[in-house]
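Written below as structure tokens is the structure these notes are about.
The values are calculated or read from the model by the stated rules, or taken from the named source; none is laboratory data. What you are looking at is a predicted structure, and each value in this text was computed from that prediction instead of being measured. Here the Cβ is made from the backbone with ideal geometry for all residues, glycine too, and neighbour counts use every protein chain on show.
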Amino acid sequence: MPTVRSSSAAQKAAGQDKRELITTAAFDLFRRYGYKRTSMEDIARAASVAKGTLYLYFESKDQLFDAICNSLAEQVSENLTEVDIHNLPLEEALLALMEAKFGFVYSLILSSPHAAELIESSHQLESAPFENVTAEFHDTILRLVQRGVRSGELDPEQAGLTEKEAAETLISAVIGSEKAPDEDSFRKQLKATVRLTLRGLRP
């Protein structure tokens, strides 16, 4: 049975669909050609909307990019929330968290030839879209390290580290995997890095 919507609800749904169409087209162009080289005219053409229509949804390219970055940050946050850090084995939970953040970002941004420019441009946004989710990620890794210490699986002190320093060491080690040439290599490096770093933190 078809869904019956009021005219206002239908208009709102249509507007949301158009907005998603625009952001999807824009993100594809940003990944392929970079943020600076992509114009609002390019985005309107790719989204098959009039330039005037595009400006009804987004006043500027910066505002559009900000909306995309905030959407990505929300998705990373959802990915992190879905990881069951309390019941998964320690190494498996760490890998799942690293994949939830770095794997997601790699597949969508770091695999782009314009990754450095996209990341730099996101840092210049006033809303700082990734600031909160990055803090959330660091806090979650710390809680997992603390769980490992309580269970006796980890002993950062024997490596001369506090629990927080151990968490930051894990994160810093994994960041190096972002330079992998492709997703398969990235995931292999991610797994090996987590395993080797954990080995240095075990009793």
Next on the checklist: Against the condition assigned to a loop (DSSP other than H, G, I, E, B), modelled with pLDDT under 90 and either surrounded by fewer than 18 Cβ atoms within 10 Å (Cβ to Cβ) or of a type in the set (Val, Ile, Thr) (or both), how does Val4 come out, does it pass?
Outcome noted: yes
Checklist entry - Out of all the residues in region 153-173, is one or more in contact (Cβ under 8 Å) with a residue 60 or more places away in the chain, of a type in the set (A, V, I, L, M, F, W, C) and exposed (fewer than 14 other Cβ atoms within 10 Å of the Cβ)? => result no
Checklist entry - What are the residues in region 114-134 that are closer than 19 Å to Leu64 by Cβ and among the β-branched types (Val, Ile, Thr), if any? => result Ile119
Next on the checklist: I want to confirm something. Restricting to region 28-41 and keeping residues that are assigned to a helix (DSSP H, G or I) and within 25 Å of the chain's Cα centre (by Cα), which single residue is farthest from Ile109 (Cα to Cα)?
Outcome noted: Met40
